[in-house]
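Computed from the coordinates by the stated procedures, all read-outs in this text should not be read as laboratory data. Please read these numbers as outputs of a predicted model, since none were measured by experiment. Cβ: placed from backbone, ideal geometry, glycine included. Neighbour counts: every protein chain shown.
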Amino acid sequence: MKVLRETFNEVAELYDRARPRYPASLVEELTRAADLGPDSRVLEIGPGTGQLTLPLAESGCRITAVELGDAMAQVARRRLRGFPRVDVRVADFERWELPDEPFDLVVCATAFHWIDPAVRLVKSARALRPGGRLALILTDHVAGGTEEFFRLAQECYERWDPATPPGLRLQPASEIVFAETAQLNGSDLFETPVPVRVTQDITYTADQYIDVLLTYSGHRALDDTARQGLLTSLRQLIDTRFGGTVTKRYLHELVVAARTPE
């Protein structure tokens with residue numbers, strides 16, 4: 001059985017091309033809330049191919065980015081070659097040895113849920129200087145965009161993926177509760193953050209939408225027959241019922257929390 005968090009490494013180039021970038025307003029708020037600048041030392045957990053790393057590097061800060069996948073790290077290094085203060089390392093964060101010098105910021109975008117819940121807050125706190133901050137960007141797919149497509153797509157998933165809950169529907173952004181935020185709120189290691197939420201709608205052609213799906217761990221974990229059947233049925237649905245394009249709505253939640261005094 002595939003380890004789901006390792007499936008992204010199989011399609012690093014596609015991941016880099018297909019995955020949406022984070023809204024500029026959210027990155028600007030993160031930069032402001034973390035007071036990032038040339039003197040800042042940043043640890044990024046699970047940078048992927050650098051979707052967040054690149055805009056953070058533009059602030060001039062020094063970044064150590066710890067990425068599980070070697071192919072993902074290779075793409076990130078290529079994208080970040082103009083930023084000599086960024087060091088991309090291949091390692092499992094749970095087992096990676098923290099350096100002696102603490103960081104001003106630990107940041108993780110759309111990857112914190114892959115880190116062992118028993119480790120992620122404790123080790124993040126250990127990595128920070130007193131008063132340092134943990135910043136998370138959490139992402140979910142929510143109701144909006146071409147809603148009729150997603151209603152009809154459920155039938156495709158129920159046919160080809162037996163693990164699909166029957167009648168599953170996307171939730172409105174107002175009803176989404178992120179487990180990572182809830183864990184952070186209940187921790188005595190960090191101050192209680194005030195979340196900032198941003199939605200973005202992205203319109204995809206059939207080819208572009210299929211490319212995005214091919215970067216999702218659940219789709220990659222399907223056997224070849226089921227995956228091909230699912231993607232073919234979704235492509236046909238987009239082309240025959242929706243004129244060749246659909247719009248997907250993403251919810252991004254930013255939480256920035258200061259480490260509590262020891």
What helix-only [θ] at 222 nm does the chain give? Using -39500 (n - 2.57) per DSSP H run of at least 4, over all residues, to the nearest 500, the answer is -10500 deg cm²/dmol
For the chain, averaging the sequence separation of alpha carbon pairs under 8 Å that lie six or more residues apart and dividing by its residue count, the contact order in percent is 23 percent
Counting only DSSP loop positions in the stretch 16-63, the trypsin sites (Lys or Arg not before Pro) whose Cβ has at most 15 other Cβ atoms within 10 Å are ARG21
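Among GLU253, GLU44, what is the fewest-to-most ranking by other Cβ atoms within 10 Å?
GLU253, GLU44
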In terms of the charge dipole of the chain, which places +1 on Lys and Arg and -1 on Asp and Glu at the beta carbon, the residue among GLY69, GLY229, TYR15 farthest towards the positive end is TYR15
Nearest-0.05 FRET efficiency for ASP92 and THR240 at R0 = 35 Å, using Cβ-Cβ distance, is 0.20
Taking placed amide H atoms and a strict 5 Å upper bound, the residues 5 or more places from VAL88 or on another chain that come that close are ALA65
Most fluctuating of LEU54, LEU152, LEU230 in the GNM of the chain (C-alpha, under 10 Å) is LEU152
At the level of C-alpha centres, the distance separating the stretch 225-243 and the stretch 18-70, in angstrom, is 35 Å
A correct Karplus calculation of ³J(HN,Hα) over the stretch 64-79, with 6.51 cos²θ - 1.76 cosθ + 1.60, θ = phi - 60°, whole Hz and x for Gly and Pro, returns 10, 10, 9, 10, 5, x, 5, 5, 4, 4, 4, 5, 4, 4, 5, 5
With +1 on the Cβ of every Lys and Arg and -1 on the Cβ of every Asp and Glu, the dipole magnitude of the chain about its Cα centre, in debye rounded to the nearest 20, is 340 debye
Once both label points are put 7 Å beyond Cα along the C-beta direction, the GLN228-THR192 separation in nm becomes 5.4 nm
Spelling it out for LEU128: with amide H atoms placed in the peptide plane at 1.01 Å from N, the residues 5 or more places away or on another chain with amide H under 5 Å from its amide H are PHE103
Charge tally for neighbours of PRO261 with beta carbon under 12 Å away, counting Lys, Arg as +1 and Asp, Glu as -1, is -1
Expected max-MSF residue from THR192, THR31, THR240 in the GNM of the chain (alpha carbon, under 10 Å) is THR240
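Net charge around SER174, counting only other residues with Cβ within less than 14 Å of its Cβ (Lys, Arg = +1; Asp, Glu = -1)?
It works out to a net charge of -1.
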By Cβ neighbour count within 10 Å, fewest first, ILE63, ILE115, ILE176 rank ILE176, ILE115, ILE63
In order over the stretch 168-185: 3J(HN,Hα) from phi, Karplus 6.51/-1.76/1.60, θ = phi - 60°, whole Hz, x for each Gly or Pro, gives 4, 9, 5, 8, x, 4, 5, 9, 7, 10, 7, 4, 5, 5, 4, 5, 5, 4
Taking GLU101, GLU10 and counting other beta carbon atoms within 10 angstrom, the fewest-first order is GLU101, GLU10
